[in-house]
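A short write-up of the structure that comes next.
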2 protein chains.
Amino acid sequence: MAQKDPVLALDNQICFALYALNRAVTARYRPLLAELELTYPQYLVMLVLWEQGAGAESARVSDVGARLRLDSGTLTPLLKRLEERGLLLRQRQADDERVVRLLPTEAGWQLQEKARQVPARLMCGLDVEPQRLMALQQELRSLLAVLEGSAPSD
Amino acid sequence: MAQKDPVLALDNQICFALYALNRAVTARYRPLLAELELTYPQYLVMLVLWEQGAGAESARVSDVGARLRLDSGTLTPLLKRLEERGLLLRQRQADDERVVRLLPTEAGWQLQEKARQVPARLMCGLDVEPQRLMALQQELRSLLAVLEGSAPSD
DNA sequence: CAAAATTAAATTGGGCACAATGTAAATTAC
DNA sequence: GTAATTTACATTGTGCCCAATTTAATTTTG
């Protein structure tokens, strides 16, 4: 029972670095988003809706899911909470009743104004060069593309 | 209501790249860990226990928590499931009853043998240079240190 | 057109993650 | 040496994440 195996050392698992950093970043968002009464996944959903616009181009549940890589099991209850909070409407599409359209309300759009401060405030007091983050983001996105483009072997 | 604000564009949020990649990596682990009947956080806990060893040096709940940055609200039920599965024992320390020691069972140690295949199999069929991942891991760890070393301003 | 297949969401259930609170044991301060 | 504090876990409750199943609407096929 060789206990010390560098292959299994926690510090050698890149996945753990990713997991830990992701939670640390989320934790840093938390107090800022609390001022908007949003959780972090709710914030991401609102970003998608704000981006998408209104009317006929309004996002469907599946659009948000495709963008965020989340399924209806996650999104349906989350969206219901956002609706209860008055930030959006969930409306069945008339000519295809399978589809649910997501329409930000006036309050939902107003929240966007407050949200604009979030990204800058997040970096506040963090001594990290923006350039470094840009490079990291590129690398993360590139790896995501690799993972999404190749099925697990086996 | 300026809808298009690059500051709020999903693709400009490094946090989202991190969030999405983390889930994609976890998803890639899932089928491999399913063969060990472990979830991903359970796997991380077992990595810590295997690293820690047995006896007097056995890990306490708080040791695992410090290593993985998880609190007892997360760990207690997770550890109970691992105990029910026969992978470890949770034992109150005799000379300080506040402390719970975590002792891998024989089955827990045997699982380590099977786990050794996991890291290599994860990379299987993934066309990414190891060097690139090492560099990324360094960067992730460095940023985690920055985040953990500075309180949110405000 | 009617049956079969597909699609879009919703539901159910298990397992994290975390805040807040509770509880018991140990430590410290007087 | 007792009271106050601290420490280590456990518990409770909310919300996410995902697999599996269900339901209803639409599309495709024969």
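Just one of the numbered conditions (1) hydrophobic (A, V, I, L, M, F, W, C); (2) more than 10 Å from chain B (Cβ to nearest Cβ); (3) within 14 Å of DNA strand D (Cβ to nearest atom); (4) over 20 Å from B:ASN22 (Cα atoms) is not true of A:VAL64; which one?
So the condition that A:VAL64 fails would be (4).
Using the structure shown, decide if B:ARG90 is buried (at least 19 other Cβ atoms within 10 Å of the Cβ), away from DNA strand C (no atom under 11 Å from the Cβ) and either at pLDDT below 95 or outside any helix (DSSP H, G or I) (or both).
Details: buried (at least 19 other Cβ atoms within 10 Å of the Cβ): no; away from DNA strand C (no atom under 11 Å from the Cβ): yes; either at pLDDT below 95 or outside any helix (DSSP H, G or I) (or both): yes.
When the stated conditions are applied, B:ARG90 does not pass them.
Do any helices (runs of 4 or more DSSP H) lying entirely in segment A:38-85 carry at least 2 residues that are over 23 Å from A:ARG116 (Cβ atoms), and which ones are they? Even if it seems obvious, please write down each step before you answer.
Details: elements: A:40-52, A:61-68, A:72-84.
Result: A:61-68, A:72-84.
Only one of A:ALA27, A:ALA54 is within 11 Å of chain B (Cβ to nearest Cβ) and touching a Leu at 6+ places or on another chain (Cβ under 7 Å). Can you tell me which? Let's see the steps before the verdict.
Details: A:ALA27 fails: touching a Leu at 6+ places or on another chain (Cβ under 7 Å).
Exactly one of A:ALA27, A:ALA54 is within 11 Å of chain B (Cβ to nearest Cβ) and touching a Leu at 6+ places or on another chain (Cβ under 7 Å), namely A:ALA54.
Would you pick out the residues in segment B:109-154 that are among the β-branched types (Val, Ile, Thr) and open to solvent by less than 30 Å² (accessible area, probe 1.4 Å)? Write out each step before concluding.
Here is the first cut: in segment B:109-154, the residues among the β-branched types (Val, Ile, Thr) are B:118, B:128, B:146.
Hits for segment B:109-154 are B:VAL118, B:VAL128.
For segment A:71-91, what are the residues that are within 8 Å of DNA strand D (Cβ to nearest atom) and either without any contact (Cβ under 8 Å) to a residue 12 or more places away in the chain or farther than 18 Å from A:TYR40 by Cβ (or both)?
Result: A:ASP71, A:SER72, A:GLY73, A:PRO77.
Is there a residue in segment A:25-33 that is more than 13 Å from the chain's Cα centre (by Cα), open to solvent by 60 Å² or more (accessible area, probe 1.4 Å) and more than 9 Å from DNA strand C (Cβ to nearest atom)?
So far as segment A:25-33 goes, no, none of its residues is more than 13 Å from the chain's Cα centre (by Cα), open to solvent by 60 Å² or more (accessible area, probe 1.4 Å) and more than 9 Å from DNA strand C (Cβ to nearest atom).
The values are calculated or read from the model by the stated rules, or taken from the named source; none is laboratory data. From a predicted model like this one, the values you see are computed outputs, not experimental measurements. Ideal geometry is used to build each Cβ from the backbone, glycine not excepted, and the neighbour counts take in all protein chains shown. Remember, those area values only see protein heavy atoms, side chains included, never the ligands or the DNA or RNA. Shrake-Rupley method; radii C 1.70, N 1.55, O 1.52, S 1.80 Å.
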